[in-house]
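The structure appears below as structure tokens.
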Amino acid sequence: MKALIPVTIVTGFLGAGKTTLLRSLIERRQTRRLALLINEFGEISIDGALIQDGLGVGADAHVRIHDFSYGLIAYGDDELFVPTMLAIAARRANVDHVLIETSGLALPTAIMALLQSFDLRDDFILDATLAVVDTPLLLSDQFEHGGAPNPAASMFEQQLEFADVVVLNKIDALDEEALLLAEARVRVRAPNVRFLELAHAGRLDIRLALGLRLHQPARADDGHAYTPLATMPGAQAGVLAQQGRMNGHAHSGLAAHNHGLATHKHFHEQDPGWQSFVLRSDAAQRGETLKTALLEAAKVEPILRSKGFVRTDDTPRAVLVQGVRARVTLSVDAVRPAARRSELVFIGYHSSRSHVAAVLSDLTGTSWR
């Protein structure tokens, strides 16, 4: 019987830092040969480009990236996922592990279901599902329901519910009391999460991410159903046998949670309120002016995420824009030269493209359309 290729799913809400975490894992991959599937809810790919730019010399032979833009990976209308996975299986001699980054608006259950399907179950095995959390955002009460419907909170909670490992990210400015509060909030929402880990500077020890072997295939009448291991993996899974490496992180909550195929079917419908659009400008931007404009746009429209590359008037390099609600950062890309046209992706809930374009055009004094 051929060995199954392990698959790690990296999920998390918009702007949680999934791409940064993936880049750190790639840097620490050692001799692992990886296949990466990157999913973005937008018509242009930013995350795939960021990871590609970060690959070192000679890495192309060991890390292959597959972009899935504008849609939700493995959901009902995705016709690329299964063929892509089959192509990876066909070159299994050159693949040690598959990493799949979901869109911030997707649930990992869609991928779990297809991994158990007749087409893929004899080639792949779910290794673990990691949910990356923007810890300051969690502590800011943005994921609380309150009295009004909160689609972001609902999506966030479902992503946690189906995770094996929760990674608290963006924690470097937080004290121990804040971290304990964040852990408590995660536990309330997802009491069956296996492990809680901390990512310092967006980095996670690869031994805490790949090769965890938290699932095993079990035959059912309608195919395979992944079941969590009943106990902590033993010495053969060296990662978890050496718990001293976990530095005091919480590893309780080992009650079984079910990843059976039937559990996933009703998660495949996308909420039509989530919208993504791209705005472009041919004019060079002034960095701080653009940042102010983006912050104002996030105040007047329900924009949860903005990202892209822009051309500014003070550097020949592309400037990377990363926005999460009212937090916006601009950083000069060390590799990518500035393109003639700036492009920004916006993701929001019932947001107005024309209004955001008008705000940016007015406040920057340049045309955005």
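Any read-out appearing in this document is the output of simple, stated calculations on the displayed coordinates, not a laboratory observation. Quick caveat, the model's predicted, so the values are computed rather than measured. Because the Cβ atoms are built from the backbone with ideal geometry, glycine has one as well, and the counts that use them run over all protein chains shown.
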Next on the checklist: If you take every residue apart from Leu295 with its C-beta less than 10 Å away from the C-beta of Leu295, what net charge results, scoring Lys and Arg +1 and Asp and Glu -1?
Outcome noted: +3
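Among residues other than Asp127 whose Cβ falls under 13 Å from its Cβ, what is the net charge (Lys/Arg +1, Asp/Glu -1)?
On the way: positive: Arg32, Arg194, Arg207, Arg213; negative: Asp96, Asp164.
Here the charged neighbours net out to +2.
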Checklist entry - Near Lys170, which lysines are there with a Cα under 26 Å away, not counting those fewer than 8 places off in the same chain? => result Lys18, Lys291, Lys299, Lys307
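Over segment 78-219, what is the relative contact order in whole percent, taking alpha-carbon pairs under 8 Å and six or more residues apart? Display every interim value, and only then the final one.
On the way: 149 pairs, mean separation 37.3, N = 142.
That works out to 26 percent.
Rank by packing, highest mean first: peptides 176-182, 124-130, 298-304, with packing defined as the count of other Cβ atoms within 10 Å averaged across residues.
124-130, 298-304, 176-182
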